[in-house]
Amino acid sequence: MLKLKEQSLTETFSVYFDRRMIRILLLGAISGFPWVLIGSSLSLWLKEEGLSRSTIGWAGLIFGVYAFNYLWAPLIDRLQIPYLTKKLGHRRGWIVLMQIAILLCLVIWSLINPTENLALLISIGLIIAIASATQDITVDALRIEQIGENEGKSMAAGAAMAVVGWWSGYKLGGVIALFTAEHFQNLGIEDYWQSTFLILGIVVILMNIGLMFVHETITDMRKTKQKETDKLIQNKLGSQNIITKIIAWVSGTVGGPVVSFFKKNGFSIAIGILGFVFLFKIGEAFLGRMSIVFYKEIGFSKSDIAIYSKTLGWITTVIFTLLGGLFVIRSGVLKAMFFAGILMASTNLLFTALAWSGKSELLFAVAVIFDDIAAAFATVAFVAFISLLVDRTYTATQYALLASIGTAGRTTLASSSGALVDWLNGDWGTFFILTAIMVIPSLICLWFIKDKLKFSEK
């Protein structure tokens, strides 16, 4: 195989024309769309119902389930869904089941008054988050399994397409949500957000139809290796009975992926990897959690937010995610990670300028464009990074473990974002400066482990 640097730009770009990339694009959209529901839609719904910034911020704790989905990822790697697994395949069966759960939750949301039933509303949001986080385990595994183990170039391209898909689901889903809500509001519909969620339910149905065109490779290799691990554990227990079989299955299911990860990288490097993954996108999460509240407070309408933050942001994200994929392919994942981290910190400062200048559509557009460029580069590099680290025997579990640790920083800590703005007495400029500083510890961590990582970038 040619070295990456020896390839022409045209040769490098041609990887995007692989039909597998279209499947990965759709999987990304399925993964990204639920964030519209429990992110911008829920935040704006609560804001327009008169709830405080702190309440909105703490409501974001429901995202915390993404930080812990690795706890049940081993079960998803092994358990089959009655009827659905046989008809659709192991991965697709799990995705469809979670999509059904999300659809039912949207129907319930359409019947709720948030001021009278805030606890119920948040509880339903939590169920959506759990279903989405569970779905992501399978989506990521299915995405990685579309690519061969030694196809580093295709894995980087797949990461780019997954990010494009995710942002397409999130951004375009946000456009649909915001324009629909504003249209219903202008028509004089009192419960316009509740009606909007019914429309978003239709989007969920359409995504499930598209999922039927995603190929799932049926292989017994993963099951065989898992059973070998179970057998090894059972032999060490020294007896062959139902109790030792259960112990071996549980131990192999839960412990196997963790042992494999630490054995492959070594304890100190494994800890370094986990530290970097946890810290890398905290600043971006703090900004993202409060951004729509910030836009609303400085005077932008829902349609303004839809046009600049969602539509324009989506176009920018798609273009620069693909370019980011090329950058990762040609420069390598590690260089791309450093570049993306510095870019994220720098672009966050544009929101400081917007906060200090007041409402400005031009500055709003510039800030959104450059923030999406940074997010595109960072996400592509990050997804490629952790995708290269996983053991295919435990694809879902190991990816979920790494992704959830990254999510832990972006969700649990970022849930205090509203409280931080309140503590700063609404000083948005200082808030965004702090988000820029938050990326520095992760880059320091990456610097110390960069020469000891074990994966091929070719």
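The values are calculated or read from the model by the stated rules, or taken from the named source; none is laboratory data. None of the values given here were measured: they were computed from a predicted structure. Heads up, the Cβs are rebuilt from the backbone with ideal geometry, glycines too, and the neighbour counts pull from every protein chain shown.
When the test is whether a residue is surrounded by 22 or more Cβ atoms within 10 Å (Cβ to Cβ) and not polar (S, T, N, Q), R91 passes it. Consider the range 273-327 and keep the residues that are among the basic types (K, R) and in a helix (DSSP H, G or I). The one that is farthest from I405 (Cα to Cα) is K302. Checking each residue in the range 165-199 for being small (G, A, S) and in a loop (DSSP other than H, G, I, E, B) picks out only G188. Checked against the criterion of being assigned to a helix (DSSP H, G or I) and either surrounded by fewer than 24 Cβ atoms within 10 Å (Cβ to Cβ) or modelled with pLDDT under 75 (or both), the candidates L51, L61, L2 yield just one match: L61. In the range 294-316, of all residues being buried (at least 19 other Cβ atoms within 10 Å of the Cβ) and of a type in the set (D, E, K, R), the one that is modelled with the lowest pLDDT corresponds to K310. Filtering the range 401-417 down to residues that are within 27 Å of R53 (Cβ to Cβ) and of a type in the set (V, I, T), which residue is modelled with the highest pLDDT? This residue is T407.
The condition of being surrounded by 20 or more Cβ atoms within 10 Å (Cβ to Cβ) and more than 25 Å from L25 (Cα to Cα) holds for L121. Restricted to the range 380-453, the set of helices (runs of 4 or more DSSP H) holding at least 3 residues that are more than 19 Å from the chain's Cα centre (by Cα) and under 28 Å from V259 (Cα atoms) comprises 440-449. Filtered by the rule that a residue be out of contact with any Cys (no Cβ under 8 Å at 6 or more places or on another chain) and hydrophobic (A, V, I, L, M, F, W, C), the range 127-142 gives A129, I130, A133, I137, V139, A141, L142. Looking only at residues in the range 126-146 that are small (G, A, S) and surrounded by 24 or more Cβ atoms within 10 Å (Cβ to Cβ), the one that is farthest from the chain's Cα centre (by Cα) is A141. Taking the criterion of being among the hydrophobic types (A, V, I, L, M, F, W, C) and farther than 15 Å from P34 by Cβ, the residues of the range 186-198 that qualify are L187, I189, W193, L198.
Among the residues examined, L79 does not qualify as at pLDDT 80 or above, within 24 Å of G201 (Cβ to Cβ) and either crowded, with 18+ Cβ neighbours inside 10 Å or not hydroxyl-bearing (S, T, Y) (or both). Selection of the range 100-154 for residues being in contact (Cβ under 8 Å) with a residue 60 or more places away in the chain, under 13 Å from F197 (Cα atoms), assigned to a helix (DSSP H, G or I) and β-branched (V, I, T) yields I102, V107, I128. For the range 339-368, a tally of residues being within 22 Å of the chain's Cα centre (by Cα) and modelled with pLDDT under 85 returns 1. Of the residues making up the range 280-324, those that are of a type in the set (S, T, Y) and farther than 25 Å from M438 by Cβ are S301, S303, T311. Among the criteria (1) at pLDDT below 85; (2) loosely packed, with under 14 Cβ neighbours inside 10 Å, the one Q234 does not fulfil is (2).
Which one is nearest to the chain's Cα centre (by Cα), of the residues in the range 23-41 that are under 20 Å from F300 (Cβ atoms) and either modelled with pLDDT of 85 or more or of a type in the set (S, T, Y) (or both)? So the residue we want is V36.
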